[in-house]
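Written below as structure tokens is the structure these notes are about.
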Amino acid sequence: MGTGADIGGAGKSAVLLAALGAVLLWAAYPPLQWSPIAWIALWPWFRLIESPRSFRRRDYAVLYGAGLLFWLAALHWLRLPHWATAFGWVALSAYLAVYVPLFVGFTRTAIRDLRLPLPIAAAVIWMGLEVCRGNLLTGFGMANLAHTQYRWISLIQCADLFGDYGLGGLVVAVSACLYVAVPWDRAALLFGRQKRGPTPAGNETPTQFPHRLRQSGLLGLGCGIVTLAAALLYGQHRLDVLGGWPTGDTVKIALIQGSEDIRLDDGPEKMERIHRHYWSLSQKVARAHRDIDVMIWPETVYGGFLYESDQDPALPPAKELGGMSEAEFRAALVAAVRESRRAMERLAASLGTGLILGVETQAFEKNGRKFYNSAAFIAKEPDVKTADDARDQPADSGSTGVTAGNFRYRYAGRFDKMHLVMFGEYVPFADRLPWIQAITPLSRGTTPGRHAAVFEIKGLRFSPNICFESAVPQAIGNQVRELAVSGQEPDVLVNLTNDGWFWGSSELDMHLICGVFRGLENRKPFLVAANTGFSAVIDPAGRILQQGPRRAPGPLVAEVSGSPLQAPYRVWGPVINSLWVALTLLTGLSQPAVSSVRRLLLGCRV
């Protein structure tokens, strides 16, 4: 049993190592983005994992504190939209911090009791925990380890095999191989003070043991080099197959990035100002580029509501009818639906282009009024009544539209955001307990959409997603798989986001990086239309070809096409992710792990 001095020294060492790992890992992400540090950032935690001393509850509390420190620093921007969101910042960081002691504890069990090599154990458990983090409590996929490497284009190509979870595991595996290769204990071995790591086996002499340790280090170095080289060779092969982009038939798009900071207490006057701001930017782009096929506005910047109605919607409460009869209400609703669509069609006609607009939808349905966060599509089509090459074709009498020149601009559908942000767009249980909504800054809750959607433009299918849906791998993956099953697999992914809530902070960088990996995981080009930035054009290889400025207006114009590549991860991703989780749970629920947890709860060391 150690002395008080030994225990105190070990405790201080644990604090320093846990904190050092958190600081190094934070430095690898925005705002610093020192990406090479990611390859050694986990070494202090590896040192704790390999420590031969027993751990106490205090040690895991220290690791939890390090995790909390990391997440509070990484997600500091969550406190910016409103004073009340600071509570969410702390609560989310407190939850995410749990994964650090879980990683260290599970990996210690795997290498000490299950006899697994550190690189394999650490990589599998890291991937399993990242998958859990990306799915539990609606999922949080920002700041995954793979995101530190988004600029290393040849490396990140393997995300089409294993997703960003798998690429993060590769970084952990290579990092652990390099860690094993470092002769941490050579001096201690030579002077007879070896305190960690391997011990002499059988009848080994003191001179044979250091030789075996050097062999182990060389093996680790070799495995790390081979693993990294294989990933880079695969990546270069995929880049060679892709070649140049865009290819074949293209669509000319304009991503309209304005810059208006957003606050929860913004009123109708602010929304009208934002609409005029985007209208002015769009006019300038339309004058400079008269062959734009579609302009894309960010999330909710359109300003006005899009009204929709079922065939037989439920009536609002009497106090909301304002004395109208049922017949008068239904007539007013039909007029509101028609006029809200017509306003968008007139906007498209004035610009001479199709539109994808970020808009709030107020839908009157059979089970009551619902609010959706939507992307509305205004199609630009040849007008069969005036186009010379289609003079004798009948008009589509089943649709409305506004005609300008030889084209008709017609509302052609909408996509409703499916994966909502807890406490940002809805409050749990508020639909059953309205008083909960009343004590939050949110004036109303948003309803999740039911299905993915595609907007077809000149033969290319564009699939929209909204805001932080791009930060959740399974949200985008499920949408693409749903569309593929129905025979409508998209060619281009489009994210509409309003990051004006975060005032030009590092959230913009972290959100953009998510788009890089969502495109890679599905091998699709990924477009981002963002208020305050970063709008971007990302090709199917994850290269950011164009990027808007930070917290400033900066529309982008580009030609885009589909991708000739397919991503195995698009099909097999759920199976692969389930495998990592299963292996992690097997480790965590193994008899040694359960025994260790029981001893910790009793205050013993493990």
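The values are calculated or read from the model by the stated rules, or taken from the named source; none is laboratory data. Just so it is clear, the structure is predicted and the values come from calculations on it, not from any experiment. We place every Cβ from the backbone using ideal geometry, glycine too, and count neighbours over all the protein chains shown. Just the protein is used for accessible areas: all its heavy atoms, side chains included, with ligands, DNA and RNA removed. Shrake-Rupley method; radii C 1.70, N 1.55, O 1.52, S 1.80 Å.
Would you kindly calculate the translational diffusion coefficient of region 108-164, applying Stokes-Einstein with the Kirkwood radius from alpha carbon pairs, for 37 °C and a viscosity of 0.692 mPa s, and quote it in µm² s⁻¹ without decimals? Don't skip to the end; give the middle numbers.
Working: Rh = 12.9 Å.
Translational D for this selection: 255 µm²/s.
Can you give the extra length, in nm with one decimal, that the chain gains between ARG57 and ASP266 once fully stretched, where that is 0.36 nm per residue apart less the Cα-Cα distance? Mind dumping the intermediate values first?
Details: separation 209, 0.36 × 209 = 75.24 nm, distance 4.67 nm.
Here the segment from ARG57 to ASP266 would lengthen by 70.6 nm.
Along the three principal axes, how long is region 1-153 when you take its alpha carbons, biggest first, rounded to the nearest angstrom?
Reported extents, whole Å, longest axis first: 52, 36, 29.
If you roll a 1.4 Å probe over region 258-360 with all protein chains in place, what percent of the accessible area is carbon or sulfur?
Working: 2500 of 5060 Å².
Exposed carbon and sulfur together represent 49 percent of the surface.
About its Cα centre, how strong a charge dipole does region 274-313 have in debye, to the nearest 20, once Lys and Arg get +1 and Asp and Glu get -1 at the Cβ?
Details: 4 positive and 6 negative charges, 112 e Å.
Dipole about the Cα centre, nearest 20: 540 debye.
Enter the accessible area of TRP580 (Å², nearest 10), with the probe set to 1.4 Å and all protein chains included.
Taking all protein chains as shown, TRP580 has close to 40 Å².
With unit charges on the beta carbons (Lys and Arg positive, Asp and Glu negative) and the dipole taken about the Cα centre of region 255-371, which residue among TYR307, ILE256, GLY322 sits farthest to the positive side?
Final value for the positive-end residue is ILE256.
Averaged across orientations, what area in nm² does the convex hull of the alpha carbons in region 524-598 project? Walk me through the numbers before you get to the answer.
On the way: hull surface 34.6 nm².
Projected area, direction-averaged: 8.6 nm².
When you have a sec, figure out the Kirkwood radius of region 254-308 from all distinct Cα pair distances and drop it here in Å to one decimal?
Details: mean 1/r = 0.0815 Å⁻¹.
Taking every pair of different Cα atoms in region 254-308, averaging 1/r and inverting gives 12.3 Å.
For region 451-564, which semi-axes, largest first and in whole Å, follow from the square roots of 5 times the eigenvalues of its Cα gyration tensor?
Working: eigenvalues 105, 44, 28 Å².
The three semi-axes for region 451-564 are 23, 15, 12 Å.
Quick one: which of 444-455, 366-377 comes out on top by average Cβ neighbours within 10 Å, and what's the full order, highest first? Please list the in-between numbers first.
Values: 444-455: 18.4, 366-377: 20.2.
Result, highest mean Cβ count within 10 Å first: 366-377, 444-455.
Considering only protein heavy atoms and a 1.4 Å probe, what is the carbon-and-sulfur percentage of the accessible area of region 439-495?
Values: 1100 of 2160 Å².
It is 51 percent, rounded to a whole number.
Taking a cut-off of 27 Å between Cα atoms, list the lysines near LYS252, but don't count ones fewer than 8 places away on the same chain.
Qualifying lysines at Cα under 27 Å: LYS284, LYS380, LYS385, LYS417, LYS458, LYS524.
If you count only protein heavy atoms with a 1.4 Å probe, what accessible area per residue comes out for region 211-275, rounded to a whole Å²? Kindly include the intermediate steps, with their values, before the conclusion.
Working: 3500 Å² over 65 residues.
That works out to 54 Å² per residue.
With +1 on each Lys and Arg Cβ and -1 on each Asp and Glu Cβ, how big is the dipole of region 483-568 about its Cα centre, in debye rounded to the nearest 20? Don't skip to the answer; put the middle values down first.
Working: 6 positive and 8 negative charges, 24 e Å.
The dipole of region 483-568 has a size of about 120 debye.
How do 462-468, 479-485, 271-277 rank on mean C-beta neighbours within 10 Å, highest first?
Details: 462-468: 26.3, 479-485: 18.0, 271-277: 15.9.
Going from most to least packed, we get 462-468, 479-485, 271-277.
For a Förster distance of 51 Å, can you work out the FRET efficiency between the beta-carbons of LYS12 and ALA343, rounded to the nearest 0.05?
Working: r = 66 Å, r/R0 = 1.29.
Approximately 0.20, to the nearest 0.05.
Sorted by average packing, counted as other Cβ atoms within 10 angstrom per residue and highest first, what order do 128-137, 237-246, 549-558 take?
Numbers: 128-137: 20.3, 237-246: 14.0, 549-558: 18.0.
By packing density, highest mean first, the sequence is 128-137, 549-558, 237-246.
Between ALA94 and LYS366, what is the label-point separation in nm under the 7 Å Cα-to-beta-carbon projection?
4.3
From the backbone phi of region 541-557, what are the Karplus-calculated ³J(HN,Hα) couplings (6.51 cos²θ - 1.76 cosθ + 1.60, θ = phi - 60°) in whole Hz, Gly and Pro given as x?
Ordered by residue, 3J(HN,Hα) equals 8, x, 7, 7, 7, 9, 9, x, x, 8, 6, 7, x, x, x, 10, 10 Hz.
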